[in-house]
1. Mind listing whichever residues of the range 230-281 are touching a residue at least 12 places away in the same chain (Cβ under 8 Å) and hydroxyl-bearing (S, T, Y)?
2. Look through the range 350-373, keep the residues that are open to solvent by less than 10 Å² (accessible area, probe 1.4 Å) and in contact with a Phe, Trp or Tyr (Cβ under 7 Å, 6 or more places away or on another chain), and return whichever of them is farthest from L91 (Cα to Cα).
3. Give, as residue ranges, the helices (runs of 4 or more DSSP H) completely inside the range 1-98 that count at least 3 residues that are modelled with pLDDT of 80 or more.
4. Counting just the residues of the range 90-122 that are free of Cβ contacts under 8 Å to residues at least 24 places away in the same chain and in contact with a helix residue (DSSP H, G or I) (Cβ under 7 Å, 6 or more places away or on another chain), which one comes out nearest to A190 (Cα to Cα)?
5. How many of the residues in the range 60-81 are under 29 Å from A203 (Cβ atoms), crowded, with 21+ Cβ neighbours inside 10 Å and in contact (Cβ under 8 Å) with a residue 60 or more places away in the chain?
6. Would you say L151 is open to solvent by 30 Å² or more (accessible area, probe 1.4 Å) and either modelled with pLDDT under 80 or part of a helix (DSSP H, G or I) (or both)?
7. For the range 304-312, indicate whether the set of residues that are farther than 13 Å from A343 by Cβ, of a type in the set (A, V, I, L, M, F, W, C) and surrounded by 19 or more Cβ atoms within 10 Å (Cβ to Cβ) is non-empty.
8. Name every residue in the range 256-303 that is among the polar types (S, T, N, Q) and within 13 Å of M338 (Cα to Cα), in order of residue number.
Amino acid sequence: MTTRPQTGSTRTRPPRVFRVFTIPGFARLLASEALFDIGAVARTAAQSWVMYDLTGSNLWVGLASGMRSIPILVFPVFAGAIADRFDKRKLLAFVRIGLAIVSIVQAILLALGIIEPWHMLALALAAGTVVAFAMPAFWAYLADLVPARSLSRATALVMMGQNAGEMAGPVIVGWIIASAGADWAYAIIAGVYLMGAVLILNAPKGRYAASESEDKPTYYESLKQGIAYARQNPVLPWLFIMICSVNITGVAIFPLMPEYATKILDVGPVGFGAMSTALGVGLAIGSISVAILGLPRRVMPTIIVSSFIWDFGMIGFGFSRIYPLTLALLFVMGIAGMFWMNAITNLFQREATGEMRGRVMALYSIGMGLFPLGWTFGGTLSALIGNEPTIIVSALGGTPLILLAMLLTPGLRRS
């Protein structure tokens, strides 16, 4: 009797989240985006510090942030058309080089001691304009580079990098300003952007990179094609409405957190920091969970469940007078929020054909760019009707609208 030879390998395959790193160019893209996010958050922190040092006014600090946000709401539609016409890697590299130049100009003005508040406003506007061209190109390039089956895990890893940048950036820039000065902080931020540019230029083109020799439609025709595609797609208009509504009306909790920390829960600035940390840790856990588990093929149930958890977490936060309960609610909301963000991003990427991806992701970028207006909405409504009613109104901008969208759109029910 002969023994049957074993044909299977005894080697175990690595977890799926690690297989994403075997995709050519993904590791370079992830590293470049992590550097980009560290630079962006560090630059924002440095901008706030320098502007307050120059003026002693919170109003000027707010104006600088507002100037940076304006282009992000205006230019992504045009940026999406550009991303679909040119090599997305080169566009992302030019964005990083442009931000490096802006940072170098600020470093020189600070080193010479001639910087004025209007310089800071003008440079914030310039930086915001450059960043507006990055968002559609990045998300479109990610979908070009990564196969659809791995896209949710890749997106989760990118968002993990963004969260890490948000945590590390302010700490790094604070240490540099304290030890060497704000001019050196901006110079180092410029170097971080340039490293990111080198990494992205060495990544592969992606599956839908525009050919240098192909006959392209005019820029105006590209813009018209993108608008027509979005209008004719049965799902995209509702996706756009959903992401805009959630980012304007569904995030009223954020401007209320300082008041809850100081006047309602009486935990002071340290307690406020712990509240922000609880939410941040939840976001990080959510990212890790999506990276390991992935998303199901039908993501609308994930969107509904995560939206439901977020909304009821907000209501619980609004009425809670028990500090540990508040921290627990924020932690759970962070997990749900990250699942929601990954799922909605994945839906936008699915609804775009390769040659339309930049223009479709421009809609996503505009919706995400409305987030600062959500702070304004929450703070204004709270001043008019009070905290708890504001939280309830905010919750109504989430799950009920998503359920209505599903009821009216068969394509969403199948997504």
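1. From the range 230-281, those touching a residue at least 12 places away in the same chain (Cβ under 8 Å) are 230, 233-236, 238-261, 264-265, 267, 271-272, 274-276, 278-281; that's our starting set.
Selection gives S245, T249, Y260, S276.
2. Of everything passing the filter in the range 350-373, G367 is farthest from L91 (Cα to Cα).
3. Values: elements: 16-19, 26-55, 58-74, 76-85.
The helices (runs of 4 or more DSSP H) meeting that bar are 26-55.
4. Within the range 90-122, the match that is nearest to A190 (Cα to Cα) is V105.
5. As a first pass, look at the range 60-81 and keep what is under 29 Å from A203 (Cβ atoms): 68-69, 71-81.
Add one more test, that the residue is crowded, with 21+ Cβ neighbours inside 10 Å, and what stays is 68, 71-72, 75-76, 79-81.
Right, trim to in contact (Cβ under 8 Å) with a residue 60 or more places away in the chain and you get 68, 71-72, 76, 79-81.
So the count comes out to 7.
6. Answer is no for this residue.
7. Within the range 304-312, not a single residue is farther than 13 Å from A343 by Cβ, of a type in the set (A, V, I, L, M, F, W, C) and surrounded by 19 or more Cβ atoms within 10 Å (Cβ to Cβ).
8. S287, S289, T302
The values are calculated or read from the model by the stated rules, or taken from the named source; none is laboratory data. What you see is a predicted model; the values in this text were computed from it and never measured. Counting neighbours? That spans all protein chains shown, and the Cβs are built from the backbone with ideal geometry, glycine included. The area values use the complete protein model at the heavy-atom level, side chains included, leaving out ligands, DNA and RNA. Shrake-Rupley method; radii C 1.70, N 1.55, O 1.52, S 1.80 Å.
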